[in-house]
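Just so it is clear, none of the values below were taken in a lab; they were calculated from the coordinates. Just so it is clear, the model here is predicted, and its values are computed rather than measured. Every residue, glycine as well, gets a Cβ built from its backbone with ideal geometry; the counts of neighbours run over all protein chains shown.
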Amino acid sequence: MAKIIDGKAIAAKIRGEIAVEVNRLEAKGVKPGLAVVLVGEDPASKVYVSMKEKACQDVGIFSDEYKLPAETPEAELLALIDKLNRDPCIHGILVQLPLPKHIDTEKVLEAISPHKDVDGFHPYNVGRLVVGKPLFQPCTPYGVMVMMKEAGVELAGKEVVVVGRSNIVGKPVAFMCLQQHATVTLCHSKTRDLAEKVRMADVLIAAVGQPEMIKGEWIKEGAVVIDVGVNRVGEKKLVGDVEFEKASLRASAITPVPGGVGPMTITMLLYNTVESAKREAKD
């Protein structure tokens, strides 16, 4: 039976370290600040924003929230971002996605200063990640890497298979694993014989957004399984992208859903915000 990689416990440990760092910065006169911008009434986005706000409070980060109506003009949103870019009290800017259809998401993400882009989505930060000199790393893949490190997963020389090629998780986590000297295969919806590719994996990272698409019998004996997917099935049940029960009989270690990668995403957002404040303080 696989060892469970407990994302909640790892996140709690790191948040404790972040709170200590925030106190140290405050003693030097620097209060880390995060601005969160929400446009519209998307229910999932509202939940995420309130979770981020509470997480900031828990570790002592100043959180400034901007809730704008769905019909807010793009120019107004860009003007707000420009103001936040110039605000010395704000070290991180997060614009909650998705944005309403009349707003160009790419234009908005590019308007955020790369030095306050704590989500790691700005093309400047993506480019730095690709060449192995990251300024900010995207929160979910960064959380995956920290979890594996905390769980003692050694990547050098291993076969890592990533299922999912999104700009938010799949692509960045593939580059991060390459930097740890893994051999990386990046799979997607057009990959032929996905099962065969998954069977090669010493480490499988599933980030495809399809409930239990990856079957337990595909998992190599002793592999490590990191399941980024969170899919709602029926009224209340949450499942990952991997068949957990069957996979856990073959894997050496596996992340649960919920309680795996999820808690790490907001934790790394807090971490990035504090790192930004430290840079600002020349610490």
Legend entry - Using θ = phi - 60° and Karplus 6.51 cos²θ - 1.76 cosθ + 1.60, couplings along the range 42-49 (whole Hz; Gly, Pro as x): 4, x, 5, 4, 4, 5, 4, 5
Legend entry - Ordering of 234-245, 159-170, 96-107, 136-147 by packing [mean C-beta count within 10 Å, highest first]: 136-147, 159-170, 234-245, 96-107
Legend entry - the range 30-115 - Debye-derived log10 I(q)/I(0), Cα point model, q = 0.19 Å⁻¹: -0.84
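May I ask you to derive the relative contact order of the chain, considering only C-alpha pairs under 8 Å and at least 6 residues apart, and to give it as an integer percent?
Working: 559 pairs, mean separation 63.7, N = 283.
Once divided by the residue count of the chain, the mean separation gives 23 percent.
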Inset, instruction - Work out, in µm²/s and without decimals, the Stokes-Einstein translational diffusion coefficient of the range 82-220 at 25 °C, 0.890 mPa s, Rh from Kirkwood over C-alpha pairs. - result: 149
Inset, instruction - May I ask for the distance between the Cα centers of the range 100-124 and the range 237-283, given as a whole number of Å? - result: 22
Inset, instruction - Could you order peptides 34-40, 75-81 by the average number of other Cβ atoms within 10 Å of their residues, highest first? - result: 34-40, 75-81
Legend entry - Inter-label distance, nm, simple model (7 Å from Cα along the C-beta direction), Ala281/Arg232: 4.0
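For the chain, with only Lys/Arg (+1) and Asp/Glu (-1) charged at the beta-carbon, what is the dipole magnitude about the Cα centre, in debye rounded to 20?
500
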Legend entry - HN-Hα J in Hz across the range 205-213 - Karplus 6.51, -1.76, 1.60, θ = phi - 60°, x for Gly and Pro: 10, 9, 8, 10, x, 10, x, 6, 5
Inset, instruction - Run the numbers on the range 100-222 and let me know its relative contact order in percent, using alpha-carbon pairs under 8 Å that are six or more apart. - result: 20
Inset, instruction - Using packing as a proxy for protection, rank 195-205, 265-275 so that the peptide with the highest average count of other Cβ atoms within 10 Å comes first. - result: 265-275, 195-205
Inset, instruction - Taking the convex hull of the Cα atoms, report for the range 139-261 its projected area averaged over all directions, in nm². - result: 7.0
Inset, instruction - List, in order, the whole-Hz ³J(HN,Hα) value for each residue of the range 124-139 obtained from phi through the Karplus relation with A = 6.51, B = -1.76, C = 1.60 and θ = phi - 60°; use x for Gly and Pro. - result: 4, 6, 4, x, 5, 4, 4, 8, x, 10, x, 8, 10, 9, x, 5
Inset, instruction - For the range 1-29 and the range 154-220, compute the distance between their C-alpha centroids and round to whole Å. - result: 27
